[in-house]
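All remarks here apply to the structure that follows.
What follows is calculated from the coordinates using simple rules that are stated; it is not laboratory data. Only a predicted model underlies this, so the values are computations on that prediction, with no experimental measurement involved. Methodologically, a virtual Cβ is constructed for each residue, glycine included, from the backbone with ideal geometry; neighbour enumeration extends over all protein chains shown.
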Amino acid sequence: MGCVYRRGNTLWIKYYRNGKPYSESSKSDKMEVAKRLLKKREGEIALGKLPGVLFDKVKFDELAEDFLSDYRINQKKSLERAGFSLEHLKGKFEGMKVPEITTTSIQEYIEKRIEEGAKNATINRELSALKRILNLGVRQTPPKVDRVPYIPMLKENNVRKGFFEHGDFIALRDELPEYLRGFMSFAYKVGWRKSEIVNLTWDQVDMNQGIVRLEAGETKNDNARTVYLDEELKDVFLCQRKLMKKSGTVTPYVFPSAKGTGRISDFRTAWVSACDRAKIGTRLFHDLRRTAVRNMVRAGVPERVAMMVSGHKTRSVFDRYNIVSDTDLKLAAQQQEAYLKKQDGYKTVTIGNFDRVEAVQ
């Protein structure tokens with residue numbers, strides 16, 4: 001049985017769990033407060049929970065280190081991004097004890113980040129990191145966190161939707177430096193991530209079979225991936241070999257840097273200049289990934305197969321990239337009109353310069 005006793009002007013409580021005594025200050029001199037806390041702790045123990053006093057000693061800093069350790073142990077590729085999120089979270093929660101991390105304190109953090117000009121998507125990534133930090137604390141043995149507070153997420157309205165029409169792609173490709181043309185063509189056709197293409201080496205290419213393969217662990221989602229090269233891409237790879245021989249520099253990378261001595265690093269200046277000369281406005285390299293997805297679907301490639309080529313693991317992201325353009329909408333209208341023209345009981349009526357399908361009276 002627990003008891004209440006006095007230390008100076010403050011009442012303390014004492015209770016037992018598995019025969020081990022625990023003492024805790026009620027932080028009050030009122031007997032009602034102390035008894036209420038004692039009853040709460042005994043209730044936690046009766047339910048098999050650890051006494052809440054243990055969680056009061058755990059700070060955000062300890063949980064944050066466990067969070068980074070989890071990323072390092074599991075060799076997660078987003079460790080650097082997680083570190084950026086953690087740096088912002090420390091500005092608010094560093095030194096804070098677990099019970100002090102509440103929905104209210106989280107909302108204060110959100111307001112502060114908005115005032116600092118952070119985008120909703122950026123803030124959401126940071127909130128996701130905070131949720132992960134707390135959930136890891138819950139899963140510890142013994143647990144370091146007794147409950148995860150409600151963490152409100154912001155609406156994201158800054159999802160990028162850029163893509164290339166084929167003419168824009170040709171115009172930009174012709175304006176790029178020679179060492180980037182094959183790089184861009186491969187991205188336009190298969191929709192791989194920039195990092196996957198940058199790190200592509202010749203030992204991953206089988207020109208006899210016309211395939212390129214990424215092994216498990218070399219992709220963002222850790223799934224192996226095989227792509228068959230069409231005739232145009234075969235020519236691209238043959239051209240890359242010729243360029244390597246021409247430069248006299250041997251490199252393991254399929255798409256080396258301008259000097260041919262290593263992999264491509266930063267090409268933003270060349271990219272922006274080429275976009276300007278091609279008169280296509282500002283574009284992102286990632287637009288090629290969205291474009292490849294859309295083109296494969298429009299060409300009749302089954303969506304599951306298109307996802308295996310581009311490396312999309314979740315359907316939600318794939319659907320976001322499967323963008324409908326104005327050209328698609330016009331084509332839909334034309335296809336519907338062509339369908340109706342073939343149906344019995346309909347006729348085409350010309351009004352001015354336009355044809356309209358009407359039902360025959």
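Data overview
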| quantity | calculated |
| --- | --- |
| Over 23 Å (Cα to Cα) - which of Lys40/Lys90; Lys40/Lys97; Lys14/Lys92; Lys92/Lys194; Lys59/Lys131; Lys35/Lys144 fall in this group | Lys40/Lys90; Lys14/Lys92; Lys92/Lys194; Lys35/Lys144 |
| Built amide H within the under 5 Å cut-off of Arg17, gap 5+ | Tyr22 |
| Whole-angstrom gap from region 236-271 to region 98-156, using each part's C-alpha centre | 44 Å |
| Those aspartates and glutamates that a straight Cα-Cα span of less than 18 Å connects to Lys77, excepting residues fewer than 8 apart in one chain | Glu65, Asp66, Glu87, Glu126, Glu196, Glu215, Glu218, Asp222 |
| Calculated FRET efficiency for the pair Lys342/Arg72, C-beta based, R₀ 41 Å, to 0.05 | 0.05 |
| Segments 182-195, 72-85 sorted - mean Cβ within 10 Å per residue, highest first | 182-195, 72-85 |
